[in-house]
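Right, one structure below, let's go through it.
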Amino acid sequence: MSIKKITIISIIIGFAVGFKFINSAASKSPAKKFHTQTQLDAYQGIPTRAPIAPGEYFLPSSSCRGCHGYDSATVSNINEAGEDVNLVDRWESSMMALSAKDPFWRAKVSHEITVNPGHAGPLQNKCLDCHAPMGAYTSQFKGHPYYGLAELVTDSLGLDGVSCGGCHAIAPSVGYTFSGIIPYDTNHVEYGPFTAPSVGPMQLYEGLTPVYSNHMDQARLCSACHTLITETSDLAGSFTGGHFVEQATYHEYINSDFPANNIKCQTCHMPPVNEPIIIANGFTGLTPRTPFNQHVFAGANLFMLNLIKNNKGTLGINVPDKSFDSTIVATTDMLKSKTINFDLQLVSITSDTAFFKVKIQNKAGHKFPSGYPTRRAVLQFVVTDSNNDTVFQSGIFNNQQRVIGENPSFEGHHNFINQSNTPQIYEMVPGDVNGDFTSVLERAAILLKDNRIPPTGFTTTSPVYDTVQISNDALADTDFNKVGSIEGSGTDWVHFAVPLAAAVGNISVKSKVYYQSLPPKWVADMFTYSTAEINTFETMYNAADQKPILIASDSIINLLLPTGVNTYSSKEEVKAWPTISMDGKVFISAAYGTLIKSIEVFDANGKLQSQLQNTSFQSTISLYLPESSGIYYIKIYSGTKVVFKKVVKS
């Protein structure tokens with residue numbers, strides 16, 4: 001497929017629904033009945049049913065389970081080690097299967113149509129085209145103007161999420177329309193990646209004809225939903241004529257070296273089993289297939305998988321815990337093993353400062369993070385001394401899982417950090433028509449920030465760059481996706497300068513990367529509204545474990561500071577009390593025979609706040625801490641040593 005420049009306008013123009021494709025070249029050879037209906041019903045464990053009804057276009061996943069689910073005879077859908085790899089059980093606990101029951105998604109749709117009720121019909125159409133495609137497109141094919149949450153809750157096809165037919169009925173022409181415009185073939189065919197499919201059983205029992213097409217093993221199969229462009233409305237609900245790229249995972253992939261290396265979406269999210277697998281149960285003579293792509297669909301949304309598992313009864317989800325556990329394990333492995341490489345390095349140490357740098361290498365075929373704009377990664381950097389006191393910290397979460405020091409609007413991109421609580425956060429931040437952060441997607445008008453780390457091979461000269469832009473603050477960073485002036489490294493280097501004035505003894509450095517699917521700032525506005533969907537999700541969210549997921553770490557332990565730097569002592573030659581001062585007054589006393597020459601007071605960032613020179617006392621002296629509350633370090637010079645005391649002004 002040649003890659004053409006895709007502009008936002010060209011993507012939007014001509015968006016329409018109700019595509020009908022006459023692409024079937026399926027064989028109409030007579031079907032062979034391999035089993036009696038009684039045998040088949042017993043094996044499938046479901047009542048006798050007719051194939052797909054006239055005027056219908058899709059079947060639910062329950063119709064596919066009989067052949068492509070668990071084989072009690074342990075002949076089909078197992079690997080050479082005898083492990084079950086059946087399609088349906090792997091899929092049913094994925095976010096693809098749960099897309100229409102995802103309580104955050106439902107709450108977000110409700111939020112959007114509550115903010116702009118006049119847009120409720122087309123807005124819900126756009127959302128449900130991808131999250132409930134079989135229900136939404138059946139409605140459209142039958143001429144209904146709108147399909148929304150009210151219709152979804154009673155529609156078994158819609159509730160099946162991105163189900164078997166939601167992907168396997170997509171026509172070979174896919175790859176040229178986006179934002180939920182899915183080219184479905186309505187000729188009762190199911191496309192697959194294997195040549196010469198056995199057509200008889202599926203035609204006989206389901207009324208569908210399996211057809212080979214190579215597009216089923218190409219990244220473009222995912223394109224119609226995984227690039228989404230929305231129309232912009234102002235704060236009064238009027239459309240401005242502008243558009244916003246809400247997500248563009250497919251175009252990020254196009255702007256990478258993954259296509260040239262024949263690495264597809266399926267390679268990572270449907271990892272292949274490179275051994276022959278019989279893919280249907282109960283039929284004799286089927287040819288084992290290879291490579292067999294497991295329908296795991298592991299991504300990064302570990303938070304939502306756990307939340308849904310813990311609320312599956314309320315959400316009407318009948319999926320065994322063991323299936324959820326399998327998907328959670330696969331998702332955890334995806335995050336921790338297949339997402340980034342991470343490296344912490346010491347650069348140098350001067351008389352008062354230690355310099356470090358960390359490298360994050362994106363291993364994915366799209367930006368890190370990618371997808372829905374709530375997803376973000378936080379770089380944490382902490383330095384402690386031999387007393388285990390914190391000398392420097394950045395990227396710390398408080399007990400509400402907010403990042404300490406984060407700008408309330410949005411935190412800019414950083415190349416160099418030299419003060420505590422200045423965090424580096426990788427994220428995409430949409431802004432409204434006034435340039436303020438917005439979590440209402442229909443109000444998204446401008447890109448305030450996008451410093452998500454690009455994939456290797458990503459360039460600003462790509463034909464699709466207008467759809468996957470980087471914000472100016474990250475573009476100006478000479479270490480961001482560059483080696484020298486050459487783009488496409490897929491890396492970011494972040495530099496840290498750590499003041500050593502407060503350090504006692506050796507220092508240890510620990511740096512980590514955390515992944516956050518749904519930060520509190522993204523639900524704060526939504527929770528100010530009250531609808532059934534929002535209230536249901538708010539209860540679940542507040543009860544959930546909201547801690548971010550640690551995906552990478554590196555450390556340097558007990559770093560010996562050079563002579564002339566590490567001259568500090570923690571012995572009780574002098575004392576400072578109280579360690580917690582209510583009014584800021586602190587007393588310093590010297591042991592007998594110890595002469596104090598001078599005293600300096602530093603804040604938690606190592607900045608000098610006050611000093612007393614030529615004190616020359618041997619008893620007790622008082623001083624006052626600065627007006628601001630916080631942690632302070634008192635540096636006391638004796639005749640031969642330097643002593644640090646940590647105190648807190650409350």
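Below is a table of values for the structure above.
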{"item": "Region 14-335: Rg to Rh, with Rh as the Kirkwood radius over Cα pairs", "result": "0.96"}
{"item": "Per-selection Kirkwood Rh - region 295-393 (Cα, Å, 1 d.p.)", "result": "16.9"}
{"item": "Using alpha carbons only: equivalent-ellipsoid semi-axes of the chain, gyration tensor based, whole Å", "result": "57, 26, 23"}
{"item": "Residue-averaged 222 nm ellipticity for the chain, from DSSP H runs of 4+ at -39500 (n - 2.57), nearest 500", "result": "-5500 deg cm²/dmol"}
{"item": "Net charge dipole size for region 397-538 [Lys, Arg +1 and Asp, Glu -1 on Cβ; Debye, nearest 20]", "result": "500"}
{"item": "Pairs from Lys101/Lys312; Lys336/Lys521; Lys512/Lys607; Lys607/Lys635; Lys126/Lys264 whose Cα-Cα separation, in the structure shown, is over 20 Å", "result": "Lys336/Lys521; Lys512/Lys607; Lys126/Lys264"}
{"item": "Mean Cβ count within 10 Å, highest first, over the residues of peptides 234-242, 101-109", "result": "101-109, 234-242"}
{"item": "Set Lys575/Lys597; Lys322/Lys547; Lys359/Lys547; Lys357/Lys645 screened for pairs whose C-alpha atoms are more than 26 Å apart", "result": "Lys357/Lys645"}
{"item": "The chain - percent relative contact order, Cα under 8 Å, separation 6 or more", "result": "12"}
{"item": "Peptides ranked, highest mean first, by Cβ atoms within 10 Å: ranges 220-232, 345-357", "result": "220-232, 345-357"}
{"item": "Along principal axes, Cα extents of region 147-286, largest first, whole Å", "result": "63, 43, 22"}
{"item": "0 to 90° range, to nearest 10: angle between helix 103-115 axis and the chain longest Cα axis", "result": "90"}
{"item": "Packing rank of 327-337, 79-89, where each peptide gets the mean count of other beta carbons within 10 Å, highest leading", "result": "327-337, 79-89"}
{"item": "Inverse of mean 1/r across different Cα pairs in region 339-559, Kirkwood, Å", "result": "18.6"}
{"item": "Net charge dipole size for region 185-296 [Lys, Arg +1 and Asp, Glu -1 on Cβ; Debye, nearest 20]", "result": "360"}
{"item": "Ranked list, fewest to most other Cβ atoms within 10 Å of each Cβ, for Met96, Met428", "result": "Met96, Met428"}
{"item": "Rough spin-label spacing in nm, given labels placed 7 Å along Cα→Cβ, for Asn318 and Asp436", "result": "4.7"}
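All of the numbers you see were taken from the coordinates with simple rules; none came from a lab. For clarity, every value in this text was computed on a predicted model and none was experimentally measured. All Cβ positions, glycine included, derive from the backbone under ideal geometry; neighbour counts span all protein chains shown.
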